[in-house]
Amino acid sequence: MATAGGPSDRPLQGGADGDGGHPGSELAVELRGITKRFPGVVANRDIELSVRRGEVHAIVGENGAGKSTLMKTLYGMHRPDEGTIVVDGRETVFRSPADAIAAGIGMVHQHFMLADNFTVLENIVLGSEPTRGGRLDMVEARRRINGISARYSLGLEPDALVEELGVGDRQRVEIAKVLYRGARTLILDEPTAVLVPQEVDELFRNLAELKREGLTVIFISHKLDEVRRVADSITVIRRGTTVGTADPKTTTVKQLAELMVGTQLPTPATRESTVRSTVVLRMEGATVRNADGRALVDDVHLTVREGEVVGIAGVEGNGQAELVDAIMGLRPLSSGTLTLGDDDISAWSTRARREAGIGLIPEDRHRQGMLLEAPLWENRILGHQTRPPAVKGPFIDRRGARADTQRIMSEYDVRAPGPDTLAVALSGGNQQKLIVGREMSASPRLLLAAHPTRGVDVGAQAVIWELLKDARAEGLGIVLVSADLDELIGLSDTLHVMLRGRLVATVDPGAVTPEELGGYMTGARTAAGAA
């Protein structure tokens with residue numbers, strides 16, 4: 001592995017040109033001296049990056065390190081202030097993503113760019129509609145989409161509305177959209193964040209096939225073990241500049257983590273049990289149906305005690321999101337009861353449940369947890385605008401909200417210039433830490449934590465894990481939904497598996513492996529068979 005002495009050093013060329021890459025192949029993408037500035041911030045500084053044709057090239061770094069800005073620059077969403085972009089040996093200037101797409105570059109964003117009220121087919125062809133004789137040729141579009149879905153095992157339903165899809169299905173739509181446009185270089189931002197181990201294996205087999213066909217993948221991830229497994233070469237970015245390259249065959253996860261953040265990779269492993277006898281939440285026979293009468297949550301019985309983390313494992317779209325919504329009051333129960341402490345809250349409003357002590361870390365911070373164009377202090381009071389420090393009498397207390405936002409920024413290590421900074425200016429990890437701080441500051445009795453570390457770096461991940469462990473030790477009951485199986489196994493005291501809306505298995509988090517858990521999640525294993 002090649003490393004540099006500090007964040008201001010020029011990047012060194014290391015293992016990427018060795019066994020881990022394709023030394024004889026041409027460069028698909030080359031970035032030379034890329035610098036991108038925003039008001040008060042240098043997001044990228046003198047970046048150097050070389051990606052060979054037909055390789056999987058991983059880019060790793062902390063949230064806020066500049067990875068997303070760099071990829072948005074390559075994709076034409078930003079214009080660099082300095083530096084040169086070279087694609088397939090030709091120096092180029094991208095004025096928009098359309099220019100990048102025309103040059104054969106496609107990007108699957110961490111936060112999806114889909115129209116919820118359109119079908120899968122309509123989203124995929126939007127902007128690239130096929131025509132025949134001057135008319136839309138949806139037959140040809142459907143044929144191509146079905147072919148892509150079958151070839152890459154995406155399991156797409158062209159006529160499904162995107163608003164009815166889970167996060168995992170949305171990601172697969174985005175991947176299909178890029179492939180539909182004929183991209184030769186694919187930028188994948190956290191592509192495994194919502195996948196179980198078996199699905200990760202399938203994705204990696206698909207990436208190997210893309211490589212064999214000569215396509216190139218730029219793979220952004222915080223899962224360093226997966227990066228070592230799938231990448232041919234790795235570039236590490238820290239504080240806006242490249243600090244080293246690495247050969248995944250000879251570099252350990254620990255070395256990568258230290259190069260990224262200067263510390264060892266954290267672990268979610270839980271300390272001794274803190275579970276108490278007092279029940280915080282009890283669900284009995286809870287059922288949630290959609291408009292067509294189909295059960296999304298089907299006869300669920302669930303108990304959460306003080307000081308207990310109850311994990312819910314499941315492939316995206318199997319009812320976990322609807323279960324969280326039902327507890328929060330965002331979806332009504334068709335049948336069953338929900339009790340918080342001694343109170344039947346089945347018919348309570350979402351506000352009443354919040355004021356009774358239920359906190360929520362939503363699964364998608366952009367769609368459900370923040371107003372990106374609003375300042376941080378306004379985001380701090382979202383969902384809590386009826387109580388201090390958000391209000392003074394009948395009025396919003398802006399001064400109090402700003403002061404408390406500053407406290408959260410300090411206590412939860414939210415890195416931003418101040419409470420008036422727009423949320424959109426923060427990295428994903430800092431946005432997530434603000435949400436966690438907001439919910440913890442309300443002193444909840446029950447916390448619904450849906451994918452609490454999705455898309456955050458190892459440093460922010462460690463902070464959030466410790467916050468959850470400390471709150472658990474103080475008696476907080478937590479319902480944890482996560483696609484990170486190591487996180488579920490490490491943090492949970494009780495671990496259930498959800499499949500097609502039902503809790504189909506309860507496993508021992510101290511004994512189950514991620515592979516076994518993935519088997520339950522896909523239906524390949526059953527509770528009876530495991531016994």
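Read the figures in this text as sums done on the coordinates, not as results from a lab. Keep in mind that what you see is a predicted model, and the values were worked out from it rather than measured. Note that each Cβ is placed from the backbone with ideal geometry, even for glycine, and that neighbours are counted across all protein chains shown.
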> For the chain, what is the mean residue ellipticity at 222 nm derived from helices alone (per DSSP H run of n ≥ 4: -39500 (n - 2.57); sum divided by total residues; nearest 500 deg cm²/dmol)?
Replying inline: -9000 deg cm²/dmol
>> Roughly how far apart, in whole Å, are the Cα centres of region 25-57 and region 237-311?
In response: 32 Å
>> For region 395-458 and region 123-197, what is the centre-to-centre distance using only Cα atoms, to the nearest Å?
In response: 34 Å
> Roughly how many nanometres apart are two label points built 7 Å out from the Cα toward the Cβ at Arg181 and Arg151?
Replying inline: 1.7 nm
>> Nothing charged except the Cβ atoms of Lys and Arg (+1) and of Asp and Glu (-1): what's the magnitude of the dipole of the chain about its Cα centre? Round to the nearest 20 debye.
In response: 1020 debye
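Can you tally the net charge around Met260? Count Lys and Arg as +1, Asp and Glu as -1, for every other residue whose Cβ sits under 14 Å from the Cβ of Met260. Please report the intermediate quantities before stating the final value.
Details: positive: Lys67, Lys223, Arg228, Arg238, Arg239, Lys254; negative: Glu62, Asp225, Glu258, Asp457.
Overall, the nearby charge balance is +2.
Using mean Cβ contacts within 10 Å as the protection proxy, how do 287-299, 362-374 order, highest first?
On the way: 287-299: 15.2, 362-374: 17.4.
For the peptides 287-299, 362-374, the packing ranking is 362-374, 287-299.
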>> At 0.36 nm per residue, and after removing the present C-alpha to C-alpha distance, how many nm does the segment from Glu355 to Arg415 gain when stretched out fully?
In response: 18.7 nm
>> Through the Karplus equation 6.51 cos²θ - 1.76 cosθ + 1.60, θ set to phi - 60°, convert the phi angles of region 90-99 into ³J(HN,Hα) values in whole Hz; use x for Gly and Pro.
In response: 10, 5, 9, 10, 9, 9, 6, x, 4, 5
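Normalised radius of gyration for region 478-531, please: alpha carbon Rg relative to 2.2 N^0.38 Å, two decimal places. Display every interim value, and only then the final one.
Working: Rg = 10.2 Å, N = 54, 2.2 N^0.38 = 10.0 Å.
Output field value: 1.02.
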>> Just want the answer: with Cβ charges of +1 for Lys and Arg and -1 for Asp and Glu, which residue in Thr339, Ala28, Val86 is farthest toward the dipole's positive end in the chain?
In response: Val86
> Between Thr242 and residues 5 or more places away or on another chain, which pairs have amide H atoms under 5 Å apart, with H built 1.01 Å from N, and which residues are they?
Replying inline: Glu48
> If you wrap region 116-181's Cα atoms in a convex hull and average its projection over all directions, what's the area in nm²?
Replying inline: 4.1 nm²
> Using 7 Å Cα-to-Cβ label points, what is the Glu272/Thr513 separation (nm, one decimal)?
Replying inline: 3.1 nm
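Could you tell me which GluC sites (Glu not before Pro) in region 232-312 are loop residues by DSSP with no more than 14 other beta carbons within 10 angstrom of their beta carbon? Numbers along the way, then the final one.
Working: sites: Glu258, Glu272, Glu284, Glu306, Glu308; in loops: Glu272, Glu306, Glu308.
Within region 232-312, the qualifying GluC sites (Glu not before Pro) (loop, at most 14 other Cβ atoms within 10 Å) are Glu272.
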> Which of Gly319, Leu517, Val497 sits farthest toward the positive end of the charge dipole of the chain, with +1 on the Cβ of Lys and Arg and -1 on the Cβ of Asp and Glu?
Replying inline: Gly319
